[in-house]
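The values are calculated or read from the model by the stated rules, or taken from the named source; none is laboratory data. The model shown is predicted, which means the values in this text are computed figures rather than measured ones. Neighbour counts run over all protein chains shown; Cβ positions are idealised from the backbone, glycine included. Just the protein is used for accessible areas: all its heavy atoms, side chains included, with ligands, DNA and RNA removed. Shrake-Rupley method; radii C 1.70, N 1.55, O 1.52, S 1.80 Å.
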Amino acid sequence: MDKHTSKATLIDTIYHNIKRDIAQRILEPGEKINIKKLSERYGASETPIKQALNRLISENLIENIPRKGMKVKTLQPDEIDEIFDMRLMLDLFYTKEIITTVNNNDSLREQLEKNVKEHLEIVSKPMPIDAYIINYEYDKIFHELYLKSSGSKKIVEIFHNLNPYMYTNYFFRKQSPDRDVAGVKEHEAILNAILSQDEQALKEAVTTHILNSKRTVGLILKVDRML
């Protein structure tokens with residue numbers, strides 16, 4: 001392994017470790033980031049720590065406040081409402097194009113089918129923390145594939161800017177296993193509507209999924225603020 005590859009791998013590892021620590025609440029929402037402590041925790045110099053944090057800043061998981069430093073992003077209820085409303089608009093805007101693309105693109109169809117099948121297997125059994133992180137990735141990829149099928153690069157870019165606020169492995173640890181399964185089955189319903197080329201069923205499935213997710217996350221945040 002060359003020097004550049006090794007460095008990239010180290011940054012990736014630290015990046016995922018910080019995400020894991022946010023999910024486990026080792027790094028609490030609103031907590032100030034101490035680079036020296038992270039360096040000690042992960043056994044790495046401050047340079048790759050800073051590079052990993054920069055990636056998380058670009059994903060809006062970490063905030064960098066001028067003259068105050070970095071802290072873990074804190075979600076607010078009004079932000080959640082706005083984000084899910086935006087997500088619903090994005091998902092409903094290109095339903096006709098998405099149906100056409102997926103039914104005429106074997107690669108996209110197979111990726112969506114594989115995603116739903118494997119994701120359902122993961123959530124159907126007890127999940128350790130690492131599985132919750134994988135759970136998040138499957139959820140993110142499903143929605144990325146769905147929106148990529150619209151043919152609009154801009155709408156995918158908007159999704160990338162919104163989705164990190166919904167750092168779902170943080171929420172998946174707090175919602176019930178039944179809701180984990182229900183969420184993936186909602187993905188399955190979305191996919192089935194696409195494959196059936198039923199635009200009305202697709203709009204209904206998308207709306208159900210987004211509103212159920214919005215309700216779940218809103219309740220989690222409400223309870224969190226009471227503790």
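What shape does segment 1-121 take by its C-alpha gyration tensor, where a ≥ b ≥ c are the square roots of the eigenvalues and a/c under 1.5 counts as rounded, a/b above b/c as prolate, and the rest as oblate? Because a/c hits 1.5 or more and a/b fails to exceed b/c, segment 1-121 counts as oblate. Note on GLU204 and HIS160: the extension gain reaches 13.5 nm, defined as 0.36 nm multiplied by sequence separation minus the Cα-Cα distance. This model, with +1 at the C-beta of Lys and Arg and -1 at the C-beta of Asp and Glu, gives the chain a dipole about its Cα centre of some 1000 debye. For ASN104 and SER152, a Förster radius of 22 Å and the Cβ-Cβ distance give a FRET efficiency of 0.85, rounded to the nearest 0.05. Positive-end ranking of ILE33, LEU56, MET89 along the dipole of the chain, with charges on Cβ about the Cα centre, is headed by ILE33.
For the chain, the per residue solvent-accessible surface stands at 54 Å², with DNA, RNA and ligands left out and a 1.4 Å probe.
Output the pairs from LYS19/LYS140; LYS50/LYS125; LYS117/LYS148; LYS19/LYS214 with a Cα-Cα distance over 26 Å in this structure; if there are none, say none. Over 26 Å Cα-Cα: LYS50/LYS125. Figure note: ARG109, ARG87, ARG215 ranked by solvent-accessible area, largest first, 1.4 Å probe, ligands and nucleic acids not counted: ARG215, ARG109, ARG87.
For the chain, the carbon plus sulfur part of the accessible surface works out to 52%, probe radius 1.4 Å. Maximal additional length on extending the SER176-LEU195 stretch stands at 3.9 nm, based on 0.36 nm per residue less the C-alpha distance.
Along the axis of the charge dipole computed for the chain (Cβ charges of +1 for Lys and Arg, -1 for Asp and Glu, origin at the Cα centre), the listed residues VAL184, ILE11, LEU202 are led at the positive end by ILE11.
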